[in-house]
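Comments concern the structure below.
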Amino acid sequence: MPDIAAQRGQISENRTHREILIIMSALMMAMLLAALDQTIVATALPTIASDLHGLNEYSWVATAYLLTSAIATPIYGKLGDLFGRKKLFQISIIIFLIGSALSGLSQSMHQLIIFRALQGIGGGGLMSLVLAIIGDIVPPRQRGRYQGYFGAVFGVASVAGPLLGGFLSGAHSILGVSGWRWIFYINLPLGVLALAAVATRLHLPSFKLQHKIDYMGAALMTVSVVSILLVSVWAGIQYAWSSPQIIGLLIAFFVFGIGFALWERRASEPLIPLDLFKNDIVTVSVLMSILTGIAMFATILYIPMYQQVARGYSPTVSGLLMIPLVLGMMAASIISGRMITKTGKYKIFPIVGTILLGLGIWLFSHVSLTTSQLTLAFWMIVIGLGLGSLMQVPTLAVQNSVDIKQMGTATSTTTFFRSIGSALGGAIFGSILISRLTAHIEKLLPAAGKANISTSALESSNQALASLPSFIQHDVMLAYTQSFHDMFLLGLPFVAAAFITALILREAPLRTSHGPMPSEKVKDLVSHSPIEL
């Protein structure tokens, strides 16, 4: 019986650089679908909520996608290891496209929330399977020369999303269809092209393990993840941190999370094998992913918010003003990737990356109403260089340190915990921003002015600020700016923790080929079908 690991290695090593680039184009297109979806929808949400008369359910359009995509990520990783990734990847694209089409057809906010949840099930597979497939087709030592392309995808999405979202949602009608519906329909041609490219160009081994699906583990994980993601959406905004709702969700997160860990120890086919964490590289990389996700949220989400609220720019303009950060991230990703390929060393990059990220966040803690855009652009370049240097290393280190049979599970675990970190970052920094805003408004505004301000208005946008009396607008924007100052300053401990994890990350020699697995052979565990060609 042939060795599946050997089949994977032989297939990847036989590919030319041109063939890998063709495959990468298909993978990048699929990743663009998932990355673009979040930024383009966020810009259009006010228009969508107004058109569908659902302002009360506004936040759930984004939350539904976030919940299902986070839950689906480790499940896709495990199933990919059990059955092979090509067909599963195609299924995830199809689910995403069906969810996109139905979202565009929605006639109510409740329908849109349901269809966005369906879209998220597909989106979770797009992100996790792309990274795992890269691990299948490119050995770790050579992966650096290609990973810069994927940094470019996120960069394009972060700029193009707000631009497209603003343009499409601002159009009353395009070809007889409401403009905002095209933010979902635009996924369809991209998705079809990605499907065609994957079907014709991506050739991976097809196999089937003797398996038992871990339904109980999936259920326990789902409740725990839903609980913490709801905390990230509600805490400090809809409910106080000390409210019974938030305390109950936090208790559920810990209780079901511990239950999940205990169950996985005894499960015959665990969703996330705890044996992975006996590998110190996996443990440290996962911790780094969580901390990176938290710190990343403080920059990518809240710098545009500062531009919109404190400087009065539209979502479209604030997206364009993020270009320096994107360019810095792309440059660092490409340069660090090529240096990793050349030297075979990766540990230095998260160390340098966390230093630069910390410097950039510290610089933003000095932001004011009069800080020039040129200065802000330089600060964003520093942050982008930091993010680009460190973001890809945890995944690379994990993929290099595990057996090929666990590639998908290990990759999706890293992606999953980064998503959890991002959710925690949203809760932590959102709560910090609002609490500091309240404190600064109490200090800056006279009693007469306070009566004209509601917390909900302050949490909205520059349009809400424009509706306030002119004699207090300046003080409100100043309070906002001081709140951003405090929030960025309080983000530094998380970056410091990420720096410490980078220091203790063990550097293992990067494999120059997939080669045989260091442990037991896959042939002892699997029955297989011929390689898909």
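A few remarks follow.
- Ala42 vs. criteria surrounded by fewer than 24 Cβ atoms within 10 Å (Cβ to Cβ), among the aliphatic types (A, V, I, L, M) and touching a helix residue (DSSP H, G or I) at 6+ places or on another chain (Cβ under 8 Å): yes
The rows are residues; the columns are (1) touching a Pro at 6+ places or on another chain (Cβ under 9 Å); (2) surrounded by 14 or more Cβ atoms within 10 Å (Cβ to Cβ); (3) closer than 24 Å to Pro394 by Cα.
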position: Trp241; (1), (2), (3): no, yes, no
position: Ile246; (1), (2), (3): no, yes, no
position: Ala267; (1), (2), (3): yes, yes, no
position: Leu271; (1), (2), (3): yes, yes, yes
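- Search result, residues across the stretch 80-133 that are part of a helix (DSSP H, G or I) and in contact with a His (Cβ under 9 Å, 6 or more places away or on another chain): Leu82, Phe83, Lys86, Met109
- Every residue from the stretch 160-185 that is of a type in the set (A, V, I, L, M, F, W, C) and surrounded by fewer than 18 Cβ atoms within 10 Å (Cβ to Cβ): Ala160, Leu163, Phe167, Ala171, Ile174, Leu175, Val177
- Looking across Thr354, Thr283, Thr299, Thr292, one residue alone is free of Cβ contacts under 8 Å to residues at least 60 places away in the same chain, within 20 Å of the chain's Cα centre (by Cα) and part of a helix (DSSP H, G or I). It is Thr283.
- Taking each residue of the stretch 480-502 that is within 21 Å of Met305 (Cβ to Cβ) and looking for partners that are of a type outside the set (Gly, Ala, Ser) and outside any helix (DSSP H, G or I) with beta-carbon atoms closer than 8 Å, six or more apart or interchain, yields Thr481/Val367; Thr481/Leu369; Phe484/Val367; His485/His366; His485/Val367; Phe488/Val367.
- Qualifying residue in the stretch 362-375 (condition: at pLDDT 85 or above, surrounded by 24 or more Cβ atoms within 10 Å (Cβ to Cβ), under 20 Å from the mean Cα position of the chain (by Cα) and assigned by TED's automatic domain parsing to the domain that holds Pro273): no
- Matching residues, the stretch 85-135, being of a type in the set (Ser, Thr, Tyr) and surrounded by 22 or more Cβ atoms within 10 Å (Cβ to Cβ): Ser92, Ser100, Ser103, Ser128
- Meets criteria (closer than 27 Å to Ala496 by Cβ, without any contact (Cβ under 8 Å) to a residue 60 or more places away in the chain and aliphatic (A, V, I, L, M)) for Ala331: yes
- For the stretch 363-393, the set of residues classified as assigned to a helix (DSSP H, G or I) and of a type in the set (A, V, I, L, M) consists of Leu363, Leu374, Leu376, Ala377, Met380, Ile381, Val382, Ile383, Leu385, Leu387, Leu390, Val393, listed by residue number.
- Note on the stretch 218-252: residues that are under 15 Å from Gly430 (Cα atoms) and not in a helix (DSSP H, G or I) total 7.
- Residues of the stretch 248-260 satisfying the condition of being surrounded by 17 or more Cβ atoms within 10 Å (Cβ to Cβ) and hydrophobic (A, V, I, L, M, F, W, C): Leu249, Ala252, Phe253, Phe256, Phe260
- Residue, surrounded by the fewest Cβ atoms within 10 Å (Cβ to Cβ), within the stretch 307-326, restricted to residues that are of a type in the set (S, T, N, Q) and either in contact with a helix residue (DSSP H, G or I) (Cβ under 6 Å, 6 or more places away or on another chain) or closer than 20 Å to Phe154 by Cα (or both): Thr316
- Restricting attention to the stretch 248-280 and to residues that are touching a Lys or Arg at 6+ places or on another chain (Cβ under 7 Å) and in contact (Cβ under 8 Å) with a residue 40 or more places away in the chain, the residue that is nearest to Tyr76 (Cα to Cα) turns out to be Leu271.
- Comparison of Ile40, Ile91, Ile95 shows that the only residue that is among the aliphatic types (A, V, I, L, M) and over 27 Å from Gly408 (Cβ atoms) is Ile40.
- Residue in the stretch 154-175 that is under 19 Å from Leu21 (Cβ atoms), among the hydrophobic types (A, V, I, L, M, F, W, C) and in contact (Cβ under 8 Å) with a residue 60 or more places away in the chain present: yes
The values are calculated or read from the model by the stated rules, or taken from the named source; none is laboratory data. These numbers come from a predicted model, not from an experiment. All Cβ positions, glycine included, derive from the backbone under ideal geometry; neighbour counts span all protein chains shown.
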